[in-house]
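The values are calculated or read from the model by the stated rules, or taken from the named source; none is laboratory data. This structure is a prediction, so every number in the text was calculated from the model and none was measured. As a convention, Cβ positions derive from the backbone with ideal geometry for all residues, glycine included, and neighbour counts pool all protein chains shown.
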Amino acid sequence: MKYLYLIRHGKSSWKDDSIQDHERPLNQRGLNDAPLMGNLLKKKGIQPDVIVSSFAIRALRTAKIIGKEVGYSKENIEVKKEVYLADFPTLMKIVSELKDDHKVAFLFGHNPGFTTFTNTFAAEYIPNVPTCGIVEIELDIEKWSDISANKGRVVSFEFPKKYK
């Protein structure tokens, strides 16, 4: 059994429209929501074996904040440019290439890819994975390369507004 946590980046700032999209930082709401969600994971006793993040500043900052909450060293976060705005096939490829000795993986990235990916495994349609939303997918596989829709299911869907 493997567990994949899709974690969308926290709310980002649109104050400076001169910076490129991947350079947008978290805004105050994002900076507040990330530790809240990290603490939720910690309380559930969830510890990642690997964290993979988009190179976008907002995603990587979210990964570092949540990683700190669950006791994962920021130096061990794998940054992959291809996670940035990845579509469904790209996300499947990224997940399928995870090392098989990792049982629990956190993937930090973006919509619309995360919502599309989530709905491949969801029993009920999820219209949107909001910022700082966390989708837990349980996969009945031994190797990440065996990932497919019929071998997994969404077991939890958490987001900050559930707790405010």
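Of all the residues that make up the range 1-35, how many are of a type outside the set (S, T, N, Q), at pLDDT 95 or above and assigned to a loop (DSSP other than H, G, I, E, B)?
4
Working only within the range 123-143, note down all residues that are modelled with pLDDT of 95 or more and over 30 Å from Ser13 (Cα atoms).
The answer is Glu138, Leu139, Asp140, Ile141, Glu142, Lys143.
Does Glu142 meet the test of being out of contact with any helix residue (DSSP H, G or I) (no Cβ under 9 Å at 6 or more places or on another chain) and either of a type in the set (Lys, Arg) or touching a residue at least 40 places away in the same chain (Cβ under 8 Å) (or both)?
Yes; evaluated as a whole, the condition is true for this residue.
Looking at (1) under 16 Å from Ile77 (Cβ atoms); (2) in contact with a helix residue (DSSP H, G or I) (Cβ under 9 Å, 6 or more places away or on another chain); (3) not polar (S, T, N, Q), find the lone condition where Lys42 falls short.
Of (1) under 16 Å from Ile77 (Cβ atoms); (2) in contact with a helix residue (DSSP H, G or I) (Cβ under 9 Å, 6 or more places away or on another chain); (3) not polar (S, T, N, Q), only one is false for Lys42: (1).
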